[in-house]
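Take a look at the structure below.
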Amino acid sequence: MTQPGRVPARLTIEALRAGVPNGEAIRRLGCPDDQIEARFEAALDNVVDTPAAGFAVAGGFGTGKSHLLGFLREAALLRDFVVSTVTVSKETPLSVPGVTYAAALRNATMYGVNDDAVTLALARIERIEGAVQGLELWASTAEPAMSPMFSAVLHLLTRSTDAELRHAIESFLADGRPPLPPLRRALKDKSIRSLFDPGPVASAELVRQRMRFMPQLFCAAGFAGWVVLLDEVELIGRYGPLQRAFAYAELAQWLGLDEEIRIPGIFAVCAITDDYADAVITAKQDREKLTERLRLRNAPRHAELARLAMRAIQVAMKLRAPDDAALRRQEITVRECYSEAYDWAAAPAEIGARQANRTMRHHIRGWIMQWDMLRIAGTRASVVETVSTTDYSEDERLTEVPEGFDTPA
């Protein structure tokens, strides 16, 4: 029977064996790239006052992109940021406005708290003197202008005890439908309908306004800001041309690549395969063809954002291959964890040849297999590795729009 003290170590080894590191594995192994960590930390220092553009990190299969995002997540949580990790998938297409935002709020986490981010933030600002009023003032005077719905819901937040309205407000901020009928009734009941005119707003514009509002809400509630981490962005290489063009534009919005529309209080990092720039942007001539396609659709703003996103991917920070010293440090860390997990003194593993296509994941799984065979069978394993390649062929199933969302204009 496994002793309780060895459970975290055992879970860590199982996660590393599967190639999907958990929180404990991330904390034990640390950040795989000091330069990326430094850039990230510097950006978080100024995310509210002088927000910097987000950036892309690139690496091959198994180089540790998801591990890196996990490390950045832990680092941001310790600094009291709300953190959202969104994996691009069939259910979360990057090409449809609002889907990423909704997923980011569903996945939002806070350090030491297990609660819905919007619910918690609204509860916290009600307990902070002047926070609701200050946020309402911002919503009513922000440039560019926000819909009066935002200042109206804040105005009613501390003045209404209607549980249904409260739920409608929380749902609206998390990407639900605008609560216009109950909002108008509540404003009328309070005899303040004339102060607000919460009319309809185009869905794409409402997404942008929510993206601007949410980090303001989090900061007003006492959080340091909002960090959004986008994983497996290379999936957009399998979109059709037009959907890929809109996905680039959406990515640029999240990364804040255009200084004029950069959002204070929010910072994003995306992870993508290191061959994407050549295999998709260059090979498919995306910079020329897709930007022109958007201009022909009378979407010059989207065209410029798409261009900025493609440039960010092309200059992405590359996850560096581990050198001999880094490999030995990680081998010691994993060996100590393995020994703890199985109460068995694992001998130093063979590091193996350092090859261009041999990733950190290959090394770690190889070490674990060596120890497994020695512990269980008393023999040394012969590890055969295969190199995975990314499929960038178009898949029309990935362009289907989730229910409840609109296609890009």
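The values are calculated or read from the model by the stated rules, or taken from the named source; none is laboratory data. From a predicted model like this one, the values you see are computed outputs, not experimental measurements. With ideal geometry, Cβ positions are generated from the backbone for all residues, glycine too; neighbour counts draw on all protein chains shown. Side chains are part of the model used for accessible areas, which takes the heavy atoms of the whole protein and leaves out ligands, DNA and RNA. Shrake-Rupley method; radii C 1.70, N 1.55, O 1.52, S 1.80 Å.
Does anyone have the angle between helix 180-189 and the longest principal axis of the chain? Alpha-carbon axes, 0 to 90°, nearest 10?
50 degrees
Let me check I've understood the local charge: for residue 123, count other residues with C-beta under 13 angstrom from its C-beta, Lys and Arg +1, Asp and Glu -1. What total comes out?
-1
Evaluate the charge dipole of segment 21-69 about its Cα centre and quote only its size in Debye, nearest 20, assuming +1 on the Cβ of each Lys and Arg and -1 on the Cβ of each Asp and Glu.
The calculated dipole for segment 21-69 is roughly 240 debye.
Straight distance only, please: which lysines reach the Cα of residue 65 with their own Cα at less than 23 Å, same-chain residues fewer than 8 apart left out?
Hits, sequence-local ones excluded: 90, 318.
Could you tell me which of 36, 60, 76 has its Cα farthest along the dipole of segment 1-89 towards the positive end, charges placed at Cβ (Lys, Arg +1; Asp, Glu -1), taken about the Cα centre?
Result: 60, furthest along the dipole toward the positive end.
Any chance you could give the angle, 0 to 90 degrees and rounded to 10, that helix 163-173 forms with the longest Cα principal axis of the chain?
Between the helix axis and the principal axis of the chain, the angle is about 60 degrees.
Count charges around residue 364 for me, please; just the other residues with Cβ under 10 Å from its Cβ, Lys/Arg as +1, Asp/Glu as -1.
Surrounding charge for residue 364 is +2.
Rounding to the nearest 20 debye, state how big the charge dipole of segment 1-158 is about its Cα centre with +1 on each Lys and Arg Cβ and -1 on each Asp and Glu Cβ.
Using Cβ point charges on Lys, Arg, Asp and Glu, segment 1-158 gives about 740 debye.
Using 0.36 nm times the number of residues separating residue 332 and residue 38, minus their current alpha carbon distance, what extension gain do you get?
Length gained between residue 332 and residue 38: 103.4 nm.
For residue 105, what charge total do you get from the other residues with a beta carbon under 11 Å from its beta carbon, if Lys and Arg give +1 and Asp and Glu give -1?
Around residue 105, the surrounding residues sum to -1.
Show that you can apply the helix-only estimate: for the chain, add -39,500 (n - 2.57) for every DSSP H stretch of four or more residues, divide by all residues, and state [θ] at 222 nm to the nearest 500.
-15500 deg cm²/dmol
Taking amide H positions as placed in the peptide plane 1.01 Å from N, state which residues far from residue 224 in sequence (5 or more) or on other chains have amide H under 5 Å from it.
Amide H neighbours of residue 224, under 5 Å, 5+ apart: 81, 82.
Accessible area per residue, 1.4 Å probe, Å², for segment 93-210: what's the number?
Solvent-accessible surface per residue comes out at 49 Å².
So if R0 is 45 Å, what FRET efficiency would residue 259 and residue 14 give, r being the distance between their Cβ atoms, rounded to the nearest 0.05?
Plugging the Cβ-Cβ distance into 1/(1 + (r/R0)^6) gives 0.50.
Suppose the Debye formula is applied to equal point scatterers at every Cα of segment 117-250; what is log10 I(q)/I(0) at q = 0.13, 0.18, 0.21, 0.22 Å⁻¹?
-0.61, -1.02, -1.30, -1.40
Sort out for me the Cα centre separation of segment 79-114 from segment 264-290, rounded to whole Å.
Measuring centre to centre over Cα atoms gives 20 Å.
Evaluate the charge dipole of the chain about its Cα centre and quote only its size in Debye, nearest 20, assuming +1 on the Cβ of each Lys and Arg and -1 on the Cβ of each Asp and Glu.
Dipole magnitude for the chain comes out near 180 debye.
Mind ordering 44-52, 225-233 by average Cβ neighbours within 10 Å, highest first?
225-233, 44-52
Going by a ≥ b ≥ c, the root eigenvalues of the Cα gyration tensor, does segment 272-313 fall in the rounded group (a/c under 1.5), the prolate group (a/b larger than b/c) or the oblate group?
oblate
For the chain, build the charge dipole from Cβ charges (+1 Lys, Arg; -1 Asp, Glu) around the Cα centre, then report which of 218, 333, 88 sits farthest towards its positive end.
The Cα lying farthest towards the positive end belongs to 88.
For the chain, find the longest principal axis of its Cα atoms and tell me its angle to the long axis of helix 131-141, 0 to 90°, nearest 10.
70 degrees
For the chain, what is the Kirkwood hydrodynamic radius in Å, using each pair of distinct C-alpha atoms?
Mean inverse Cα-Cα distance, inverted, gives 23.2 Å.
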